[in-house]
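Novice: Got a structure for you, written out below as structure tokens; questions coming shortly.
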Amino acid sequence: MNLLNIKAITKKEIKSYINNPAAYIVLIAFSLMWQFLFFKNALIVGESSLRNLFEVLPWLLLIFIPAITMGSISKEKDEGTLELILTHPVSDIELILGKILSAKLFVVYALLFTFPLAFTFSKFGKFDWGVYAGQLIGSILLSVSLISLGIYISSLVKNQIASLIVTMVAVFFLIVSGSEFLTISLPFSILPIMTNISVLTHFQSTIRGVLDLRDLLYFLSFTLVFISLAFLQLSKRRYGNLKAKYKRIKLIVLLLIGNTLVFSYLGSVVPGRLDLTQEKVYTLSESTKKVIGGLENNVEITFYASGKLPSQYSPVVQDVKDVLRDYRISSNGKIIVKTKDPSLKAEDATEATTKGIQEIQFNVIGQEEFQVKTGFLGVHISAEGKEDSLPFIQQTDDLEYMLTSIINKLTAKDKKTIGFLSGHGEKELFDYVFLNGELTKQYETKSITLDKTNPVIDENIDTLVIAGPTIKFEDNEKEAIMLFMQKNKNVLFLIDTYSVDKQLSYANVLEDPFAPFLENFGIKVNQNIVYDLQSNETLRFTAAGGQNYFLPYPFWVRGIVKDPKDPITLKLNTITMPWPSSVEINEQKLGELGLTKRDLVTTTKLAGLRSGSFTINPQEDTFPQQNLAEHSLVVALEPKNVQESSAYSLGKMVVAGNSELFTDQFVQQTPENFVLALNIFSWLSGQESFADIKSKSSPFGKLVFTDPSQPAIFKYGNMAIPLLIPSFTGLVILIKRNQLKKRIYLNEAKENVNTPNQT
């Protein structure tokens, strides 16, 4: 095999793309359609991720790849140039590799138009370049595989249109082969084969930022098989009359294909993956390794997964198996992993149900009707005579957090205690159901009610939570809280200065808030509600006619994390706070108490304050644009010399001008709020936090624009790039070609001069 020949063929094919106006039309149409489909929802979702962009790529390649490969060999046959090429000192394999390489470079050129998108996304939000690298690598692998298929089909037929149609049908089959559309009526034994054949099954893993050995071997084997088949087809044309030689080549090619498939299968059972994400989202965190590495007794994890689940759960099953394998390896033999299929044995199904694993019904579409499947997909964990379970695993984004927190819950000893104060209209444990459920995996939580006559806070409480009190505290109750704090105890204050009536869309000042008590420590939670014109949430509202519409809502502030490297706000960017009040600090008072403070969450510089009673309806209220400034929303305080603080000195405090930010609505819908809560309790109690695991669940953040015109510029500027660059390139090449046509060559000019005019 001569590399110079491959280079020459590649160069020839690239020139054919460059000089062909149809190639520019296909490229522009592909890029514009791709970005148009992406931007339909990109700004509504508001996430700095290109995942949705690459998820639609296989469907566009269904048209794009056949269009650029249909004439690779069919055109040579049709024009009679294939025989001419084969008479040159160029082998069949060199011809095929040159064709594939040129088509690959053309596709890579199209994929590079995603780089401006990635760059602009990184400027307006947290962006993971490692995930983007995985998406590009996966797209290139997918494209090369489909190109090899297209060139093989092109070698089979003489007509380019026939090649186009057959390739499109083949690619369509490879995309949908793992869906219920085809598998609903297939025998159970064939289902895994169909799922593994699908290019989507393997492509979706790479666009998460994970290069799995199984996926790499799939694409490599796919490409080698169709290169070999294309080579065999050309060899048949070259050596058709030399049957013995063709038979030898055929045998060699078939052996190569067989070895490739066997190697691919053997490699698929060997675990191995490369996590490209910047924060190693798909690698066990240090917190997890510390928990499972310190296990004293065995932990048994049983994974119940039914065999014939809908195809969309195949990646979930594989991910769970990979994660459990990592747990087993990192535990030094302390974690025992078992996998059971309840669909094979009735006793396993009964056992799964007994252990809290739910049998779920799945609605799937097949043979022009809805059909119902049932199956199990859950994990049961037992240790030291205690047990817990994950009844149903729908996705694996936070699987590591759930597994580690349950293992810690079952095995941890000497947990710190968190007390939620009640009796004064505070939000209690039932107001923070989701948060409390997660806290109990690391801490002991309890509700505390003070005795009116002799209020004393239990000394076993390590951290006290006072969340949104609305009823007046007696003086002796305030003294009890003061004494508790002076024993080097820690407190989380979530203070409301307003009562918000969501039904009437009205905000009223609280008559006797708890905020004045905090002034003893140099903290003032102001009687106001903050609005932010730059960083806020977009909410859905319902009009009188029942129509839904979306509006930016400045009273739901998307607070900016002051220092993403702070242990409390580590890796966070924004925190959602509904109707918050601003927090002020008296620096002189802090100095007298020996405390130091730091801002955790603030507004942008385009934030204002509202006071008095007022409507909170965005349609009825206007937001003044005067006196805008940055305001603190969450602050942390601690003794200046933490190591030297005595048992009778003030402990650590966190103060937030809002008690809603950790309720179920916000910790479930905005993971950043949940991570902040875990970090706060970890910092206050001095106990290891699992927030670093939770914060890994999404390597992307929210898009934040500083000007109303930026979203439009962001969208249409990115869409203009794949239109302008190919158009400009094509125009320049067209002009140069026209100039070459008009050029007079030197020899021709001399002949014209030396030839006398004959009259």
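The values are calculated or read from the model by the stated rules, or taken from the named source; none is laboratory data. Being a predicted model, the structure only gives us computed values, none of them experimental. Note: ideal-geometry Cβ built from the backbone for every residue, glycine included; neighbour counts use all protein chains shown.
Novice: Please verify whether L32 is surrounded by 12 or more Cβ atoms within 10 Å (Cβ to Cβ), more than 21 Å from A110 (Cα to Cα) and assigned by TED's automatic domain parsing to the domain that holds I100, treating the condition exactly as stated.
Specialist: When the stated conditions are applied, L32 does not pass them.
Novice: Which of the helices (runs of 4 or more DSSP H) contained wholly in the stretch 1-79 include at least 3 residues that are small (G, A, S)?
Specialist: Helices (runs of 4 or more DSSP H) meeting the threshold: 21-39.
Novice: Looking only at the stretch 1-22, how many residues end up being of a type in the set (D, E, K, R) and closer than 17 Å to K736 by Cα?
Specialist: Number satisfying all stated conditions: 1.
Novice: Let me ask something else. Name the residues in the stretch 48-80 that are of a type in the set (D, E) and buried (at least 17 other Cβ atoms within 10 Å of the Cβ), would you?
Specialist: Passing the criteria: only E76.
Novice: Only one residue in T706, T755, T663 is among the hydroxyl-bearing types (S, T, Y) and at pLDDT 80 or above. Which one?
Specialist: T663
Novice: Turning to a different aspect of this structure: Every residue in the stretch 478-496 that is over 13 Å from K427 (Cα atoms), touching a residue at least 40 places away in the same chain (Cβ under 8 Å) and not hydrophobic (A, V, I, L, M, F, W, C), please.
Specialist: Q486, K487, N488, K489, N490, listed by residue number.
Novice: For S343, state whether it is at pLDDT below 90 and within 30 Å of E286 (Cβ to Cβ).
Specialist: no
Novice: Of everything in the stretch 449-486, what is surrounded by 15 or more Cβ atoms within 10 Å (Cβ to Cβ) and assigned to a loop (DSSP other than H, G, I, E, B)? Give them in sequence order.
Specialist: L450, P455, I457, I461, D462, G468, P469, T470, F473
Novice: Do you know which residues across the stretch 661-677 are in a helix (DSSP H, G or I) and in contact with a strand residue (DSSP E or B) (Cβ under 7 Å, 6 or more places away or on another chain)?
Specialist: F666, E672, N673, L676
Novice: In addition: What number of residues within the stretch 490-504 satisfy the criterion of being at pLDDT below 90 and outside any strand (DSSP E or B)?
Specialist: Residues flagged as at pLDDT below 90 and outside any strand (DSSP E or B) within the stretch 490-504 amount to 3.
Novice: Tell me whether the stretch 612-631 contains one or more residues that are farther than 17 Å from I523 by Cβ, in contact (Cβ under 8 Å) with a residue 60 or more places away in the chain and surrounded by 20 or more Cβ atoms within 10 Å (Cβ to Cβ).
Specialist: Yes, because at least one residue in the stretch 612-631 is farther than 17 Å from I523 by Cβ, in contact (Cβ under 8 Å) with a residue 60 or more places away in the chain and surrounded by 20 or more Cβ atoms within 10 Å (Cβ to Cβ).
Novice: Next up: Being surrounded by 16 or more Cβ atoms within 10 Å (Cβ to Cβ) and more than 26 Å from the chain's Cα centre (by Cα) is the filter here, so list the residues in the stretch 293-303 that pass it.
Specialist: L295, V299, I301, T302, listed by residue number.
Novice: Counting only residues that are over 21 Å from V56 (Cα atoms) and not polar (S, T, N, Q), which one in the stretch 135-165 is modelled with the lowest pLDDT?
Specialist: Among residues in the stretch 135-165 that are over 21 Å from V56 (Cα atoms) and not polar (S, T, N, Q), the one modelled with the lowest pLDDT is K158.
Novice: Is it the case, given these coordinates, that N658 is part of a helix (DSSP H, G or I) and either in the same structural domain as K441 (by TED's automatic domain parsing) or without any contact (Cβ under 8 Å) to a residue 40 or more places away in the chain (or both)?
Specialist: Judged against the criteria, N658 is not a match.
Novice: Another one. I want to confirm something. Restricting to the stretch 123-144 and keeping residues that are in a helix (DSSP H, G or I), within 17 Å of the chain's Cα centre (by Cα) and not small (G, A, S), which single residue is nearest to R214 (Cα to Cα)?
Specialist: Top of the filtered list is I137.
Novice: Among the residues of the stretch 323-352, which ones are assigned to a helix (DSSP H, G or I), of a type in the set (G, A, S) and within 24 Å of L213 (Cβ to Cβ)?
Specialist: Residue satisfying the conditions is S330 alone.
Novice: Here are some residues: N363, N436, N408. Which one is more than 29 Å from E511 (Cα to Cα) and modelled with pLDDT of 90 or more?
Specialist: Answer to the selection: N436.
Novice: To continue, here is another question. Out of the residues in the stretch 256-283 that are at pLDDT 80 or above and outside any loop (DSSP other than H, G, I, E, B), which is surrounded by the fewest Cβ atoms within 10 Å (Cβ to Cβ)?
Specialist: L274
Novice: Could you please find all residues in the stretch 569-610 being surrounded by fewer than 23 Cβ atoms within 10 Å (Cβ to Cβ) and among the aliphatic types (A, V, I, L, M)?
Specialist: Matches in the stretch 569-610: L570, I585, L590, L593, L595, L606, L609.
Novice: Only one of (1) touching a helix residue (DSSP H, G or I) at 6+ places or on another chain (Cβ under 9 Å); (2) of a type outside the set (D, E, K, R); (3) more than 18 Å from S581 (Cα to Cα) is not met by Q527, so which one is it?
Specialist: Of (1) touching a helix residue (DSSP H, G or I) at 6+ places or on another chain (Cβ under 9 Å); (2) of a type outside the set (D, E, K, R); (3) more than 18 Å from S581 (Cα to Cα), only one is false for Q527: (3).
Novice: While we're looking at this one, here's another question. State the number of residues belonging to the stretch 284-322 that are part of a loop (DSSP other than H, G, I, E, B) and touching a residue at least 12 places away in the same chain (Cβ under 8 Å).
Specialist: 11
Novice: Are any residues in the stretch 17-59 in contact (Cβ under 8 Å) with a residue 60 or more places away in the chain and either among the basic types (K, R) or under 23 Å from S74 (Cβ atoms) (or both), and if so, which ones?
Specialist: Those that are in contact (Cβ under 8 Å) with a residue 60 or more places away in the chain and either among the basic types (K, R) or under 23 Å from S74 (Cβ atoms) (or both): Y17, I18, N19, P21, A23, Y24, L27, F30, R51.
Condition check ((1) on the phi > 0 side of the Ramachandran plot; (2) in a loop (DSSP other than H, G, I, E, B); (3) at pLDDT 90 or above; (4) of a type in the set (D, E)) across all residues:
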| position | (1), (2), (3), (4) |
| --- | --- |
| K597 | no, no, yes, no |
| V601 | no, no, yes, no |
| T604 | no, yes, yes, no |
| G608 | no, no, yes, no |
| N617 | no, yes, no, no |
| P624 | no, yes, no, no |
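Novice: In the stretch 58-75, is there at least one residue being within 19 Å of I151 (Cβ to Cβ), within 21 Å of the chain's Cα centre (by Cα) and at pLDDT 85 or above?
Specialist: So far as the stretch 58-75 goes, yes, one or more of its residues are within 19 Å of I151 (Cβ to Cβ), within 21 Å of the chain's Cα centre (by Cα) and at pLDDT 85 or above.
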